[in-house]
Amino acid sequence: MFLGLFNRGLVRQVVVSTISQLSVFVSGAAYCWFEPLTLRLKEDPNFMMTTEGVSWLIALVEFGAVLSPILAGYLSDWYGRKAVVLSVGPICVVGWVMAVIWKNIWVLGIMRILHGVAVGIGFTVAPIYTAEIADPKLRGALSGTFQIALYTGALYVFCTGPYLNYDNFIYTSLPVPIVFTIIFSFCPETPYYFLMGGKEEKAKEVLMYFRDSTDVDEEIAQMKAAVEEETSDSSSWRTLFFDRGERKAFIIVNIVCIAKFMTGMPVIANYAVETFSMASSFLPPEEMSIVLMGMLAGIAVLAAFLSDWFGRKPLLLVSCFGCLFAHLLTGLYFYIHEKTSYEAQPWMMYLGIVLYCFFSDIGLGPLLQTLLGEMFGANTRGLAGGITEGLGGVWSFIALKAYSPVNETFGVYLNFWFYSGVSFVSGVILWIMLYETAGKTIGEKKKIDKSPS
């Protein structure tokens, strides 16, 4: 058993997948980079930002994330998964360099849009890259590293931002995208992409590298047959929306997408300090936000292995209904705090947020990318991922922009009870529609998703 763990092919898959997920680390850092600065920039004479301005700069990252995924999906089919993932590093570097040279709110807005473009690319194509190099039995664990990379990237800026000035904060953010770009440039392309271009020998060479075996003819034949079937219709748009199996898969992943972003994780990540300032604690809000992100990263490590042990469907159902309970509890704390004369107990808010982080992190968080990588055919995978991640940017933008107005008009509690409602409805739909894909090749899943619901 332990010798199998040190099989060179598996080690190569883990190492290369981890390197590719550095693009997600960079994206996570870029996504949350503004949060540690929000209070200070309101007082900085270069910016003098209002609460509304802060709200827009937080949400602007989603504008770029809406625009880039569909284009990234197309480009990954034309120029390769590797080349598109590789672009995340330079885009983030350009954004941070602009922000350190020209210090004004307009440049910050451009930087946030650029970083949103990088986020959309990383979130769309990195999971495809991982899914296409991974052994089916290892795919869930490797895809789960997406969530680890995302939260450790956010943790990195949460740990450095509060303690550094504006310029130094940017300087500490620059090395990671540069290192990622250099290292990932030496990694191979995926065998699926080579087969899509008719380059069977190159696909075979790559697969032999990742399987550490010359006996890959059977797997190549399965991949080739799957690619030929999946690309037999030249119109990826027509296939995605008129092929029964592809359409069903698209509906399922978009229910998961709505649940992931509309149950509050973008708000928790970007308004962590503000949220923690609403209850007493033994730590300052800035340090509580570090604890939160550290906890999310820690749970993500465990969650990376759970989907292959228990399956995608059970974890998503537990995740949805667990988030329902967690948000009911957090909303109850804020309702008592805001709408009654009773004293609300802070443990209710903290327990609710901790439970939400746990249940979200074992299912809704990591499994969207896993499903995007394994539920679609070769000619629709990039397009489906692009549309889904673009819509994810829309849902996230709505959640971020609605948070403050709802707080001021009705109260914080209504946000969290809305999140619980989304969790419940999503859980019911997934219980009815979702089928299991764990441990199956990307070609084998085609036989499942065409079966009657």
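Residues in region 125-143 that are touching an Asp or Glu at 6+ places or on another chain (Cβ under 7 Å) and crowded, with 24+ Cβ neighbours inside 10 Å: how many?
So the count comes out to 3.
Looking at Ser27, Ser17, Ser76, can you tell me which residue is closer than 22 Å to Ile110 by Cβ and among the polar types (S, T, N, Q)?
Ser27
Restricting region 345-376 to residues that are within 19 Å of Ala126 (Cβ to Cβ) and small (Gly, Ala, Ser), which is farthest from the chain's Cα centre (by Cα)?
This residue is Gly373.
Among the residues of region 185-206, are any β-branched (Val, Ile, Thr) and closer than 22 Å to Leu138 by Cα?
Yes; the residues of region 185-206 include at least one that is β-branched (Val, Ile, Thr) and closer than 22 Å to Leu138 by Cα.
Looking at Val256, Val318, Val291, Val273, which is the one that is surrounded by fewer than 19 Cβ atoms within 10 Å (Cβ to Cβ) and either closer than 24 Å to Ala65 by Cβ or touching a Gly at 6+ places or on another chain (Cβ under 9 Å) (or both)?
When all the criteria are applied, what remains is Val318.
Given (1) at pLDDT below 85; (2) more than 25 Å from Leu138 (Cα to Cα); (3) under 26 Å from the mean Cα position of the chain (by Cα), where does Thr231 come up short, assuming only one miss?
Status for Thr231: all satisfied but (3).
Since Val117 meets every condition but one in (1) over 22 Å from Ile182 (Cβ atoms); (2) part of a helix (DSSP H, G or I), which condition does it not meet?
Among (1) over 22 Å from Ile182 (Cβ atoms); (2) part of a helix (DSSP H, G or I), the lone unmet condition for Val117 is (1).
Could you please let me know if Ser17 is open to solvent by less than 50 Å² (accessible area, probe 1.4 Å) and under 21 Å from the mean Cα position of the chain (by Cα)?
yes
Please verify whether region 174-182 includes one or more residues that are of a type in the set (A, V, I, L, M, F, W, C), out of contact with any His (no Cβ under 6 Å at 6 or more places or on another chain), without any contact (Cβ under 8 Å) to a residue 12 or more places away in the chain and not in a helix (DSSP H, G or I).
There is no residue in region 174-182 that is of a type in the set (A, V, I, L, M, F, W, C), out of contact with any His (no Cβ under 6 Å at 6 or more places or on another chain), without any contact (Cβ under 8 Å) to a residue 12 or more places away in the chain and not in a helix (DSSP H, G or I).
Can you find even one residue in region 189-202 that is modelled with pLDDT of 90 or more, part of a loop (DSSP other than H, G, I, E, B) and within 30 Å of the chain's Cα centre (by Cα)?
Within region 189-202, one or more residues are modelled with pLDDT of 90 or more, part of a loop (DSSP other than H, G, I, E, B) and within 30 Å of the chain's Cα centre (by Cα).
I'd like to know if region 325-344 contains one or more residues that are charged (D, E, K, R), outside any helix (DSSP H, G or I) and more than 16 Å from the chain's Cα centre (by Cα).
Checking region 325-344: at least one residue is charged (D, E, K, R), outside any helix (DSSP H, G or I) and more than 16 Å from the chain's Cα centre (by Cα).
Can you tell which of Trp417, Trp431, Trp395 is modelled with pLDDT of 90 or more, of a type outside the set (Ser, Thr, Tyr) and within 18 Å of the chain's Cα centre (by Cα)?
Only one candidate passes the filter, namely Trp395.
Matching residues to (1) assigned to a helix (DSSP H, G or I); (2) surrounded by 22 or more Cβ atoms within 10 Å (Cβ to Cβ):
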{"position": "Leu355", "(1), (2)": "yes, no"}
{"position": "Phe359", "(1), (2)": "yes, yes"}
{"position": "Leu364", "(1), (2)": "yes, yes"}
{"position": "Gly373", "(1), (2)": "yes, yes"}
{"position": "Phe376", "(1), (2)": "no, yes"}
{"position": "Gly382", "(1), (2)": "yes, yes"}
{"position": "Gly392", "(1), (2)": "yes, yes"}
{"position": "Glu408", "(1), (2)": "yes, no"}
{"position": "Phe418", "(1), (2)": "yes, no"}
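Scan region 69-104 for residues that are open to solvent by 10 Å² or more (accessible area, probe 1.4 Å) and either farther than 19 Å from Thr181 by Cα or of a type in the set (Lys, Arg) (or both) and jot them down.
Correct list: Ile70, Leu71, Tyr74, Asp77, Trp78, Lys82, Val100, Ile101, Trp102, Lys103, Asn104.
Select from region 165-182 the residues that are surrounded by 15 or more Cβ atoms within 10 Å (Cβ to Cβ) and not aromatic (Phe, Trp, Tyr) and write down the one among them that is farthest from Trp102 (Cα to Cα).
Thr181
Cβ contacts < 8 Å: first residue in contact (Cβ under 8 Å) with a residue 40 or more places away in the chain, restricted to region 22-50; second residue of a type in the set (D, E, K, R) and open to solvent by less than 40 Å² (accessible area, probe 1.4 Å), any location; separation 6+ or different chain. Result?
Pairs that qualify, where the first residue is in contact (Cβ under 8 Å) with a residue 40 or more places away in the chain and the partner is of a type in the set (D, E, K, R) and open to solvent by less than 40 Å² (accessible area, probe 1.4 Å), are Phe34/Arg112.
Looking only at region 244-253, filter to residues that are in contact (Cβ under 8 Å) with a residue 40 or more places away in the chain and open to solvent by 20 Å² or more (accessible area, probe 1.4 Å); which one of those is nearest to Gly386 (Cα to Cα)?
Ranking the qualifying residues of region 244-253, first place goes to Phe250.
Quick check on region 331-350: of everything there that is touching a residue at least 24 places away in the same chain (Cβ under 8 Å) and surrounded by fewer than 17 Cβ atoms within 10 Å (Cβ to Cβ), which residue is farthest from Tyr403 (Cα to Cα)?
Taking the candidates together, the pick is Pro346.
If you check every pair at least six apart or on different chains, which have Cβ atoms under 6 Å apart with a residue in region 197-225 that is aliphatic (A, V, I, L, M) first and a residue that is open to solvent by less than 70 Å² (accessible area, probe 1.4 Å) and outside any helix (DSSP H, G or I) second?
Val206/Pro188; Leu207/Val216; Met208/Val216
Would you list the helices (runs of 4 or more DSSP H) that sit entirely within region 1-85 and hold 2 or more residues that are at pLDDT 80 or above and touching a Cys at 6+ places or on another chain (Cβ under 7 Å)?
8-32
The values are calculated or read from the model by the stated rules, or taken from the named source; none is laboratory data. What you are looking at is a predicted structure, and each value in this text was computed from that prediction instead of being measured. Heads up, the Cβs are rebuilt from the backbone with ideal geometry, glycines too, and the neighbour counts pull from every protein chain shown. These area figures cover heavy atoms from the full protein model, side chains too; ligands, DNA and RNA do not enter into them. Shrake-Rupley method; radii C 1.70, N 1.55, O 1.52, S 1.80 Å.
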